[in-house]
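This report concerns only the one structure given below.
The values are calculated or read from the model by the stated rules, or taken from the named source; none is laboratory data. None of the values given here were measured: they were computed from a predicted structure. Cβ: placed from backbone, ideal geometry, glycine included. Neighbour counts: every protein chain shown.
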Amino acid sequence: MAAPSRLPLLQVCSTRVFLLRCTQGFHSEPTVREPAYPPVIPSRTAKSKSAKKRREDDYHSQIRAASSVQDKLRLLTKLQREKYVVYPQTFTLNADRWYQHFTKTVFLPGLPEKFSVGRQVVDNENGKVPPAAGGVDPAVVDENTFSELRSLVGNGILQENFYLKKRRPFLQKEQEHVVAPFLSNLVSSVTNALAKYNPLLKKSSLDFNPEVSFYWVRGERTVTRGHRRGRVDPIRFQINDQPHCQIRVPEQLEEFLPLQESVSAEVPVVHFEPNRLPMFQRQYDNNIFIGSKVTDPCSYGHTQFHLVHDRFKRDRLIKGNLADQIEVRLRANAIASLFAWTGAQAMYQGFWSHEDLTRPFVSQAVVTDGQYFSFFCYQLNTLALTVQTDQNNPRKNICWGTENMRLYEEVKDGEVVGLNDDVLKLLVHFLLNKPQKM
Amino acid sequence: MSKVLLNGVRSNEPMLLSVQIGNAARSAFLNYSHSRRCDVGGRRFFSVTCSLFGRGPPSRKEKKTVEIPGLDRVTYADRMHFVPGLAKPIFPDWQRDWHDPHHYRGPNNEEMKLYKENPCYVFNQRTKILEGVRQALWLTKSKLIQGLPEHILALAEDPANQIEDQDERVQQAIRHSRFWDTTAIRPKRDRFCPVLFRDLLHLCGTLQVKHTSLSKRILAENYRVAALWNRESDVFQVRGLNGMLLNSMTPLPAVAQSGEVLATENHTLETFYPISPTIDLQCTYVYDQKNDTGFREGYPYPHTHTLFFTETEDSAAKFKPEQLRAKMIMFAFGNALARAKSLYGEHPQVLEHPVVVQSVATDGRLFQFIVLQLNTTDLGPDTGVKNLVWMDQDQLLYDYAKCRPLIKKKVVTVPAGLSGYQPETFKKFLALHLHGAV
């Protein structure tokens, strides 16, 4: 402006004409001007930490923007890398503490209040109790039904152990030969008998030998050797589990504890790398699977039944001074299997580590070797287990579990000696679990 | 079967076909070479020192030693070397003075404890008989009636006996078994067949809410049946593992009344000369004559209800529909006969209360239904009262269950997913399940 006139700039700026022109536009609306240049963000392809962060953020926003659950799962699992394979039925020592660390689970002995053994399951006073429809206590079963269940269970035990003429089982196949048919019969007969008290069981789906798998990331490690030395890598885990049978339902079970409630117990922290457990890495398909694909309407879990390994022999563990490892192995089995199942259920609903759960996911499990039964409940409160998402995450997953209880003492001359009613009552209580509104 | 390992073969001739012979060729060879010495394709070696299958060293033709009574044979045994003109000495067979399990030749048939002069023709779970249903009817002295009995089918037509949303739930079961049960695109037949069967049984079990007598049943897997009978001077047996058995506390009511039963006396059994009725049955001279239901005395569920057959992983046990129906008839008959003999004794007689056994077989899509009524255990002569078999064959449960649509010339001929569902087949399944309990 000063250029056409020969006056110096500062003198022009102080002239009245100039000042008027400058102040003239203040009473009108400011014109919105589009940024002339794109925002300044780090590069995508550079070899820098900010570029890596940008790539990760782009990946996360791509997952968030995925149109369907199948797409989300595909994006989360498409890249194959070496990962630790977690076996729920493991023989490693003190595996339950390690598994609790990997899954951020707190273990509470006993069962949640809903299943406390004092609560009455069988109604002894009244002869007939109307089934659940509008009843006061929905978890009460008729005395007749309970005695019928007792005889069903007794007959199941006797059929496999006494009446059915069997050959000697092949080596290390005793569970499959003797216990597996008994457990199948037990689950299907008790579920059918209790269907009139729990309408959820009528709509359920009973799978035999399903595959349950889960893939997650927890913790980080610095690569020590190799061409990637010095880089920080997340630690990946995969569980591929095959329970004996499981019940899947179309509606979600109710939570045992509210989501925000904090539990006093602590998650054990293990400072060693997972390969010290020992646990080994492999690279193969990353699967997230509850037992059937996403399109199945029964996408929530109810109860899983696990058979222990053939190599899990109590007398051998006691003889080798490892009596406490009996409980450890059962707990490890329950924690790993139930975490995988509930985690997969949550991912089927679209939650993942960066979009954490808005409601807890709950499932139950029974681990047995035919004679000893243990009952476990699991509540998944958080999937945010990566280092980035875990920084301000106070939530913990909770697992409740009982010690193992004997269902019967022995089978003698066509009679089951010492059939334990408490175990049956717990089993009935487990299977009667249903959402409040049903 | 595992791959054949070439460890070191005694013969100097090249191993022509030992490695390349696949299962199909080997089984084809074994089926068609009835003569013992057939060196064309190879034979199995039971020795531990060489490979498993091959042509082996050429068998040397032994010169017959001529025994003239009264004359001693002059041999070169004393000379300790071959002398031309003298006879070859016959030395006694050398026996190892200790028992070596790797070099043990079992006793000949004639020396076995259970050797009998008359052969027995055994039907086991892998037998595929040439004439199929006709041969099975002759062997079991039965009359065939096409179609299931009316009063059984009427059980499923009654709306009180139907499951809620029956068609929808059966279709969900089919989709679960055919599409959703695996992390791969589609499960294999030996996976989806038993899964579909278990799902359908679970659906039928939910009817226990309405009909409590359905609880008086139990499934038995891996049981072995044994039944023995004579037919026109030949001895027949049905033996071994067969399928899954549903046992019940109460017997099935007789399907055909006594009038119809007596009318079968006029029916003549169909023969198929020149084929012998014992074709394809395993002929054995060493057998135990026993009739065994597979369960001990005092079993709480003594009455057979239904026998289920599903496709298994065993490639040798894949059946064509005709042979599968024959197997169903034979094993249903075997179970019925074993039970009749345990109830009424070994003496051949016409039964006052006929024994009824049902059988269902499936390959995941086609269903075969059979109801067998055992009227008589007097099976020796061809005349007299016959047993009755009602058969409903090749019932499709659905037309197509495709993961990818079938497109011919750019037109979708069969869409992806389940198509062509036929509700009648499940109604028959349900009717057979409810028979005896309603």
- Message: Considering only region A:354-362, I want to know if a residue exists there that is buried (at least 20 other Cβ atoms within 10 Å of the Cβ), β-branched (Val, Ile, Thr) and either within 19 Å of A:Gly291 (Cβ to Cβ) or in contact with a Phe, Trp or Tyr (Cβ under 6 Å, 6 or more places away or on another chain) (or both).
- Response: yes
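Pick out, from region A:329-438, the strands (runs of 3 or more DSSP E) lying fully within it that include 1 or more residues that are farther than 15 Å from A:Pro112 by Cβ.
Values: elements: A:361-368, A:372-380, A:397-401, A:410-412, A:415-417.
By residue number, A:361-368, A:372-380, A:410-412, A:415-417.
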- Are there any pairs, at least 6 apart or on different chains, whose C-beta atoms fall under 8 Å, with the first in region A:142-164 and more than 16 Å from A:Val187 (Cβ to Cβ) and more than 10 Å from chain B (Cβ to nearest Cβ) and the second outside any strand (DSSP E or B) and of a type in the set (Phe, Trp, Tyr), and if so, which? A:Asn161/A:Phe182
- Message: Looking at region A:288-303, can you tell me whether even one residue there is buried (at least 17 other Cβ atoms within 10 Å of the Cβ), closer than 17 Å to A:Asp369 by Cβ and away from chain B (no Cβ under 14 Å)?
- Response: no
- Note on the structure: Picking from A:Ala340, A:Ala332, the residue that is touching a residue at least 12 places away in the same chain (Cβ under 8 Å), more than 22 Å from A:Lys203 (Cα to Cα) and within 14 Å of another protein chain (Cβ to nearest Cβ) would be A:Ala340
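How many of the residues in region A:353-373 are within 18 Å of A:Lys396 (Cβ to Cβ) and of a type outside the set (A, V, I, L, M)? Can you show your working first?
From region A:353-373, those within 18 Å of A:Lys396 (Cβ to Cβ) are A:353, A:356-363; that's our starting set.
Adding the requirement that they be of a type outside the set (A, V, I, L, M) leaves A:353, A:356, A:358-361, A:363.
Matching residues across region A:353-373 total 7.
Within region B:362-422, considering only strands (runs of 3 or more DSSP E) that don't extend past its boundaries, which have at least 3 residues that are crowded, with 18+ Cβ neighbours inside 10 Å and not small (Gly, Ala, Ser)?
Numbers: elements: B:366-376, B:387-396, B:398-402, B:406-408, B:411-414, B:417-421.
It comes to B:366-376, B:387-396.
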- Scanning region B:323-352 residue by residue, those in contact with a strand residue (DSSP E or B) (Cβ under 9 Å, 6 or more places away or on another chain) and either surrounded by fewer than 20 Cβ atoms within 10 Å (Cβ to Cβ) or of a type in the set (D, E, K, R) (or both) turn out to be B:Arg325, B:Lys327, B:Arg339, B:Lys341, B:Ser342, B:Leu343, B:Tyr344, B:Pro348, B:Gln349, B:Val350
- Item | Residue check for A:Leu259: at pLDDT below 95 and in contact with a helix residue (DSSP H, G or I) (Cβ under 6 Å, 6 or more places away or on another chain) | no
- Entirely in region B:148-248, the helices (runs of 4 or more DSSP H) that have 1 or more residues that are in contact (Cβ under 8 Å) with a residue 60 or more places away in the chain, among the acidic types (Asp, Glu) and within 13 Å of chain A (Cβ to nearest Cβ): B:189-205
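If I ask for residues that are over 19 Å from A:Tyr215 (Cβ atoms), of a type in the set (Ser, Thr, Tyr) and assigned to a loop (DSSP other than H, G, I, E, B), which ones from region A:54-78 would you list?
Of the residues in region A:54-78, the ones over 19 Å from A:Tyr215 (Cβ atoms) are A:54-55, A:57-58, A:61, A:65, A:67.
Next, only the ones that are of a type in the set (Ser, Thr, Tyr) stay: A:61, A:67.
Answer for region A:54-78, where residues must be over 19 Å from A:Tyr215 (Cβ atoms), of a type in the set (Ser, Thr, Tyr) and assigned to a loop (DSSP other than H, G, I, E, B): just A:Ser67.
Kindly indicate whether any position in region B:102-109 is surrounded by 12 or more Cβ atoms within 10 Å (Cβ to Cβ) and in contact with a helix residue (DSSP H, G or I) (Cβ under 6 Å, 6 or more places away or on another chain). Reasoning before the result, please.
Step one: list which residues in region B:102-109 are surrounded by 12 or more Cβ atoms within 10 Å (Cβ to Cβ), which gives B:109.
Next, from what is left, pick out any that are in contact with a helix residue (DSSP H, G or I) (Cβ under 6 Å, 6 or more places away or on another chain): none.
No: region B:102-109 contains no residue that is surrounded by 12 or more Cβ atoms within 10 Å (Cβ to Cβ) and in contact with a helix residue (DSSP H, G or I) (Cβ under 6 Å, 6 or more places away or on another chain).
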- If you go through A:Leu385, A:Leu357, A:Leu380, the only one that is within 24 Å of A:Glu261 (Cβ to Cβ) and touching a Lys or Arg at 6+ places or on another chain (Cβ under 6 Å) is A:Leu385
- Message: modelled with pLDDT under 95, farther than 25 Å from B:Cys204 by Cα and either among the hydrophobic types (A, V, I, L, M, F, W, C) or surrounded by 14 or more Cβ atoms within 10 Å (Cβ to Cβ) (or both): is that true of B:Ala316 in this structure?
- Response: yes
- Message: Pairs please, first residue from region B:81-101 and in a loop (DSSP other than H, G, I, E, B), second anywhere and of a type in the set (Val, Ile, Thr) and at pLDDT 90 or above, Cβ atoms under 7 Å, 6+ apart in sequence or on different chains.
- Response: B:Leu86/B:Val74; B:Leu86/B:Thr75; B:Lys88/B:Thr75; B:Pro89/B:Thr75
- Query: Which of the residues spanning region B:298-321 are part of a loop (DSSP other than H, G, I, E, B), more than 9 Å from every other protein chain (Cβ to nearest Cβ) and either more than 18 Å from the chain's Cα centre (by Cα) or of a type in the set (Asp, Glu) (or both)?
  - Reply: B:Pro302, B:Glu311, B:Glu313, B:Asp314
